[in-house]
1. Pairs of lysine in the chain with Cα under 24 Å and at least 8 positions apart or on different chains: total?
2. Cut-off 10 angstrom, C-alpha nodes, Gaussian network model of the chain. Which of L175, L139, L62 fluctuates the most?
3. For a protection proxy built on the mean count of beta-carbon atoms within 10 angstrom, sort 148-156, 118-126, 101-109, 87-95 highest first, please.
4. What does the accessible area per residue of the chain come to in Å², with a 1.4 Å probe and no ligands, DNA or RNA counted?
5. Once you sort the root eigenvalues of the Cα gyration tensor of region 154-203 as a ≥ b ≥ c, which label holds: rounded (a/c under 1.5), prolate (a/b larger than b/c) or oblate (the other case)?
6. With Cα Rg over 2.2 N^0.38 Å in mind, check (1) 0.97; (2) 1.43; (3) 1.13 and report the label derived from this structure.
7. Within the chain, which whole H helices from DSSP have a Cα span along their axis of at least 24 Å and a mean Kyte-Doolittle hydropathy of -1.0 or more, if any?
8. Can you send over the carbon and sulfur percentage of the accessible area for the chain, probe radius 1.4 Å, protein chains only?
Amino acid sequence: MSFPDINNESDTRTRIFLAAAELFSNYGYNRVSIRQICEKVGVGKPTLYYYFQDKETLLAELLRFSFSVSREMLRKLLEPAANFREQFKALVGMRALFARKYPHFMRFFFGMNIFTLPESIREEMVEHLQWAHRELEKLFVAAQRSGEINPRLNPALLNHAVLGAMNQMLIWNILTDRKQLMSGNDGRLLMEFWDECIFNYPH
């Protein structure tokens, strides 16, 4: 499966992709019709069906694009760095950058957690989230063994706390209509908090 270059907004397929992400994030998957997507893009239904088999296929590709970004961020986190804190900081920075560049995709992804979805799509979401949690937990365990982060913390709960803090900040900024979903200052505040909680622990 190839994903669209979402920087190329002159491409019809990409414009359909972006319009669907915005409409799904604003109104929910079930309340958006193919006609509404076509009207937003300014194309007829045959054009949309040329690129996407149906609305469920379009939704699946949107989710897979989001998953591919998450996996790329984790791959970056696994690249060699001076220490785990630098890797961790890079992960926060990449999440913030994606939120700033593609806010509709971030709103779309969080919206998918509360809207009713086709079962096959929900299963794919669960599978991806389980994979992401497993990979991050492995990194936390390794950092604890090396003494870089607090070894007394439960790694599974630490995983939920870290992801939950970032996600809650994003959700709050979405609900309060913040123009920038995660600013550089947001990332700095998160790192200051985690420095106190997990990195600068009493030895």
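The values are calculated or read from the model by the stated rules, or taken from the named source; none is laboratory data. A quick note: this is a predicted structure, and the numbers were derived from the prediction, not measured. No Cβ is skipped: glycine too gets one built from the backbone with ideal geometry, and neighbour counts run over all protein chains shown. These area figures cover heavy atoms from the full protein model, side chains too; ligands, DNA and RNA do not enter into them. Shrake-Rupley method; radii C 1.70, N 1.55, O 1.52, S 1.80 Å.
1. 11
2. L175
3. Numbers: 148-156: 15.6, 118-126: 12.7, 101-109: 20.6, 87-95: 18.7.
My ranking of the peptides, most packed first, is 101-109, 87-95, 148-156, 118-126.
4. Details: 10980 Å² over 203 residues.
Roughly 54 Å² per residue, with all protein chains present.
5. On the way: a/c = 4.38, a/b = 1.77, b/c = 2.47.
Here region 154-203 falls in the oblate category.
6. (3)
7. Working: long enough: 55-78 (35 Å, 0.22); 84-101 (26 Å, -0.07); 119-145 (39 Å, -0.71); 155-175 (29 Å, 1.01).
Long hydrophobic helices here: 55-78, 84-101, 119-145, 155-175.
8. Numbers: 5750 of 10980 Å².
The value for the chain is 52 percent carbon and sulfur by accessible area.
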